[in-house]
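Chemist: Next up is a structure, given as structure tokens.
Nothing in this text is a laboratory measurement; each read-out follows from the coordinates by a stated rule. Keep in mind the model is a prediction, meaning the values are calculated, not measured. All Cβ positions, glycine included, derive from the backbone under ideal geometry; neighbour counts span all protein chains shown.
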Amino acid sequence: MEINGVAHTFITAGDFAAARAFYGQLLPFLGLAIVADSVNSFYCVGGRTGFGIHAAAPEYAGQRFRQGSVGLHHHCFRARERGDVDEAYRFLVKIGARIVHAPREDSFAPGYYSVLFEDPDGTRLEINHVPGKGLLAPGVQIGGGYADGTQNG
């Protein structure tokens, strides 16, 4: 068996209203179409990707994402072109996203180029571009913190 990609990812938002406003701008910018929008969920699909948010249960409302805790580390959207990462960065600055790092090259794969940012709850998000076959090219091995075990921040 070989999977056909990731069907969808849902995250839980501590501040649903702020997250809905943020993702309501970000996801359509990335080319995803809104397919569900209710009082406690927001879901978009496009580019063989589904991404959604749910409101937190009442006892967890208001909590923020904790980087390094159990669960999601970060979510990365793949761009088709390197220039898309730069365009996304300009958009993120315009909508007031917290930028963790501006577009830059990293050693995770040959030509790896990304912007890292956070949503209103502090959930880490990334938009990257890797040219060609990336880590699937013959003889290529993962680099950066994933190769030496230091990738946790």
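Chemist: How far apart, in nm, are the 7 Å Cα→Cβ label points at ARG98 and GLN67?
Modeler: 0.9
Chemist: Divide the volume of the convex hull of the Cα atoms of the chain by its number of residues and quote the answer in cubic angstrom per residue. Walk me through the numbers before you get to the answer.
Modeler: On the way: hull volume 20.2 nm³, N = 153.
In the chain, the Cα hull volume divided by residue count equals 132 Å³.
Chemist: Here is a follow-up. By the scheme Lys and Arg +1, Asp and Glu -1, what is the net charge of all other residues having a beta-carbon under 14 Å from that of ILE95? Each step should come with its number before you reach the end.
Modeler: Working: positive: ARG20, ARG90, LYS94, ARG98; negative: GLU87, GLU118, ASP119.
Neighbour charge sum, excluding ILE95 itself: +1.
Chemist: Mean-square fluctuation check for the chain, GNM, Cα pairs under 10 Å: which of THR123, THR12, THR49 is largest?
Modeler: Of THR123, THR12, THR49, the Gaussian network model singles out THR49 as fluctuating most.
Chemist: Work out from phi, with θ = phi - 60° and the Karplus expression 6.51 cos²θ - 1.76 cosθ + 1.60, the ³J(HN,Hα) of each residue of the stretch 22-32, listed in order in whole Hz, and give x for Gly and Pro.
Modeler: 5, 5, x, 8, 5, 5, x, 4, 7, x, 8
Chemist: Now, a different point. Using the Cα centre as the reference, give the magnitude of the dipole from point charges on the C-beta atoms of the chain (Lys, Arg: +1; Asp, Glu: -1; all else neutral), rounded to the nearest 20 debye.
Modeler: 120
Chemist: Now, a different point. Rounded to the nearest 5, what % of DSSP beta bridges with both residues in the stretch 1-57 are antiparallel? Each step should come with its number before you reach the end.
Modeler: Values: 10 of 15 bridges.
Antiparallel: roughly 65 percent of the beta bridges in the stretch 1-57.
Chemist: Any idea which of TYR146, ALA102, TYR113 is furthest toward the positive side of the dipole for the stretch 74-148, if Lys and Arg beta-carbons carry +1 and Asp and Glu beta-carbons -1?
Modeler: TYR113
Chemist: Next question. Just want to confirm a number: the relative contact order over the stretch 74-148, from Cα pairs under 8 angstrom separated by 6+ residues, in percent.
Modeler: Numbers: 131 pairs, mean separation 25.2, N = 75.
In percent, rounded to a whole number, it is 34.
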